[in-house]
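So the structure is just underneath, and the comments pick up after that.
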Amino acid sequence: MTAHAPLAPPAPARAYRLTTARGDFAVVDCPVPDGVEQRGVALLLPGFTGSKEDFTLLHTPLTARGYRTVAVDGRGQYESDGPADDESAYARIELARDVLAQAVAVGAPVHLVGHSLGGQIARAAVLLDHSPFRSLTLISSGPAQISAAQQERVKLLRDALTVMTMAELWEAILAMGPPEEVGGPARGLGGPDQLRRRWFGNKPAQLIATGHQLCTEPDRVAELAAVPLPFHVVSGEKDDTWPVPLLDEMALRLGARRTVVPGAEHSPNADRPQPTAAALADFWDEV
């Protein structure tokens with residue numbers, strides 16, 4: 001159940017390239033409205049085959065609560081550049097260092113939020129250096145590798161990318177059925193044209209490398225629990241990427257706040273943005 005909303009960011013938001021010590025990254029940066037007390041800054045990291053637009057519906061309710069929001073395309077993801085063929089550029093440690101640089105560039109300390117793959121990249125950044133962060137929220141992002149069924153879908157995509165161009169693979173995906181159901185990109189927000197643009201924006205090496213990471217990620221919850229930050233675990237009522245009971249258990253191991261968003265699945269930020277934003281802002285208010 002994904003919202004079919006207009007993709008344009010809210011009026012005050014600005015899309016630009018954020019300059020960091022690790023290069024430039026495409027962001028949507030939404031300021032706190034005039035007359036609202038600024039309470040903090042949130043850095044939002046999207047998931048596998050996703051983009052900064054996955055957070056479009058969170059900007060307005062979060063800024064209304066006093067939180068400037070900065071959603072970012074990671075290296076080689078949609079509108080952020082990266083090598084097409086060099087998988088080493090997308091090693092987890094490299095992506096974690098990118099996040100540390102992004103946090104500094106937008107004005108650390110920030111509240112860090114990662115959806116799905118973005119959550120595991122966020123976790124790696126926090127484990128590398130927690131000092132630029134005020135808190136960590138993991139949205140539909142589990143303790144280790146993705147479910148067996150999802151691993152099969154990701155492996156299908158990774159194998160195809162080694163022998164087909166992005167254009168050939170896109171046509172094959174469309175011929176097989178809805179892209180999100182046959183190993184293609186997640187729906188996200190916007191229509192077919194936006195999905196196509198986002199697909200062609202992704203660098204093949206980024207998809208291959210991060211897809212491998214999703215299928216092999218070790219359980220690092222004990223390491224994360226030792227970090228002196230407040231944690232928040234958010235998910236929908238259903239999730240086929242990491243089972244909800246697994247996310248419940250992870251929250252307990254982290255001593256984290258736990259939010260289950262009614263009526264949402266793997267993307268509560270798109271499925272039910274209002275209650276998701278309220279849960280995020282309530283957590284940050286207490287931090």
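If you take the residues in the stretch 1-46 that are modelled with pLDDT under 95 and in contact with a Leu (Cβ under 6 Å, 6 or more places away or on another chain), which one is farthest from VAL126 (Cα to Cα)? Out of the qualifying residues, it is ALA5. Picking from residues in the stretch 13-41 that are basic (Lys, Arg) and closer than 18 Å to PRO83 by Cα, the one that is surrounded by the fewest Cβ atoms within 10 Å (Cβ to Cβ) is ARG17. Considering the stretch 104-123, the residues that are among the small types (Gly, Ala, Ser) and buried (at least 23 other Cβ atoms within 10 Å of the Cβ) include one that is farthest from THR20 (Cα to Cα), namely SER116. Quick check on GLN145: is it modelled with pLDDT of 95 or more and either out of contact with any helix residue (DSSP H, G or I) (no Cβ under 6 Å at 6 or more places or on another chain) or on the phi > 0 side of the Ramachandran plot (or both)? No, not satisfied. For the stretch 1-106, the strands (runs of 3 or more DSSP E) that sit wholly inside it and include 1 or more residues that are of a type in the set (Ser, Thr, Tyr) and either touching an Asp or Glu at 6+ places or on another chain (Cβ under 7 Å) or in contact (Cβ under 8 Å) with a residue 12 or more places away in the chain (or both) are 14-20, 67-72.
The values are calculated or read from the model by the stated rules, or taken from the named source; none is laboratory data. Source: prediction; values computed, not measured. In this analysis, Cβ positions are derived from the backbone assuming ideal geometry, glycine residues included, and neighbour counts consider all displayed protein chains.
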